[in-house]
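The values are calculated or read from the model by the stated rules, or taken from the named source; none is laboratory data. Bear in mind the structure is a predicted one, so any value in this text is a computation, not a measurement. All Cβ positions, glycine included, derive from the backbone under ideal geometry; neighbour counts span all protein chains shown. With ligands, DNA and RNA removed, areas are computed over all heavy atoms of the protein, side chains included. Shrake-Rupley method; radii C 1.70, N 1.55, O 1.52, S 1.80 Å.
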Amino acid sequence: MAQTDEFGEELVDFVRRVAELKAARSVPPDDLPTVLDAAIFELDHVADQLWPWYERLSSTLPSAGAGQRDRQDQQLLRMIFQQLPLPVALTDRETVVRRLNPAATAFTGARAGYATGRPLTGFLVHADRAAFRSQVAAVARGEGDRGLTVRLQQRPSLPVHTTLTGLRPNGEPRATVLVVLQPADLSLPPSRPEPAGNPAAALPDLSEATRHATLLDLLDAMTSALLTCPSHDPQTVLERAAGVLHGRFADWVIADTGGARPSRTTVLGPSGTDTAGVAAQDPADCPLVVEAARGGSPAPRVRPDDPDAFGLDATGAPVLVQANVTSLLCVPLTRDGVVHGVLTLFRSGTRPAFSLAEAQTMDMMSRHIALAMGELPQKARKDNGSPGRSGSRRRPS
């Protein structure tokens, strides 16, 4: 029974990787050889592993449970994670991160604890994700150590050599994979974080103060734009808000009006980018927009793993892949508990991902935008109040 369950999991993993390979067809032609190699590798896996496994299943008894591992192995693994100068990650068969050592935290740019529970493939460019996932799955199956070169989304010009080794930690029912990251150019070693006891760590973080000031400037610009908007028509308000956000806060700003049946009204992209395909999209075909229109959370999504999360363009290619999206925010515009529109923000290329502070600021601005999209109150449209209610009051003497 255990082997049957494991075989079923292998089939599910295989189907998932095939779907990812299909989505990778839209990568640039120069990156297609990597995708084709991954596809051939998956076919070999079916022929050499899955089919013979299926034939043996009826006669193969479940293997005996693994015995206890030596405690020294666990201590050694902890020491590697804490002291190894090279970036090291421990992942499962689906590349989901279980642990990152301090060097890996500095190398990937992920804050401590953020990457845990997220796929390591999310830090790679789209063209390398399928191949990396296939190699990790092979190592987890016990097919030997592997190595391949990948590129990080934040630094696509710097090749990174990865070494993959299978491990069986004590108490784990499945093998895990130890991933060692190393720049292909050894003259560029990964930076190491400052020790906690370093006095320099107590100095003020000037970059954090700068980011805070930048967000205050953005809030001020948005407030001024909304207060001076000549109309409270939803489309006019959204166009004005999108103009404030475009460039200084996001590379792409996509606005949809309406909640139950949103319609696309504004699309602003990077200079020289053809936005017609995104503008022609039906928001109902964008899962993220539909989720936000139902009152979803405005939490940021960094390096979205699902390439179809924002639907397809006119050519049938995933929008997130075509736009090289590395981080996004999809924010509902809610007033009085009703969603009146959705704002979607993309960052692409090497631009830093949206932070939690930026997501919180965008959540605040979304409420202001939703208020500006409403009709002017009747009292505000009258020069004076109703009889018996003077527009001004005299102070009692």
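Between ALA357, ALA314, ALA380, ALA353, the distinction of being at pLDDT below 85 and touching a Gly at 6+ places or on another chain (Cβ under 6 Å) belongs to ALA314 only.
Within the range 1-22, restricting attention to residues that are hydrophobic (A, V, I, L, M, F, W, C) and at pLDDT 70 or above, which residue is least open to solvent (accessible area, probe 1.4 Å)? Checking each candidate, the answer is LEU21.
Conditions (1) part of a loop (DSSP other than H, G, I, E, B); (2) open to solvent by 80 Å² or more (accessible area, probe 1.4 Å); (3) out of contact with any strand residue (DSSP E or B) (no Cβ under 7 Å at 6 or more places or on another chain); (4) modelled with pLDDT of 85 or more, marked per residue:
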{"site": "TRP51", "(1), (2), (3), (4)": "no, yes, yes, no"}
{"site": "GLY67", "(1), (2), (3), (4)": "yes, no, yes, no"}
{"site": "PRO85", "(1), (2), (3), (4)": "yes, no, yes, no"}
{"site": "THR116", "(1), (2), (3), (4)": "yes, no, no, no"}
{"site": "ARG133", "(1), (2), (3), (4)": "no, no, yes, yes"}
{"site": "ALA137", "(1), (2), (3), (4)": "no, no, yes, yes"}
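Residue check: ARG367 meets all listed conditions (1) assigned to a loop (DSSP other than H, G, I, E, B); (2) over 18 Å from the mean Cα position of the chain (by Cα); (3) among the charged types (D, E, K, R) but one, namely (1). Taking strands (runs of 3 or more DSSP E) as the structural unit, those lying wholly within the range 226-340 and holding at least 1 residues that are open to solvent by 40 Å² or more (accessible area, probe 1.4 Å) correspond to 263-268, 325-335. Between a first residue in the range 245-265 that is without any contact (Cβ under 8 Å) to a residue 40 or more places away in the chain and a second residue that is open to solvent by less than 10 Å² (accessible area, probe 1.4 Å) and part of a loop (DSSP other than H, G, I, E, B), which pairs have beta carbons less than 7 Å apart while being 6 or more apart in sequence or on different chains? Final answer for the pair search is none. Within the range 87-109, the set of residues being open to solvent by 10 Å² or more (accessible area, probe 1.4 Å), in a loop (DSSP other than H, G, I, E, B) and farther than 18 Å from GLN135 by Cα comprises just one member, GLY109.
If you go through the range 118-131 and keep only what is crowded, with 21+ Cβ neighbours inside 10 Å and among the basic types (Lys, Arg), you end up with just ARG129.
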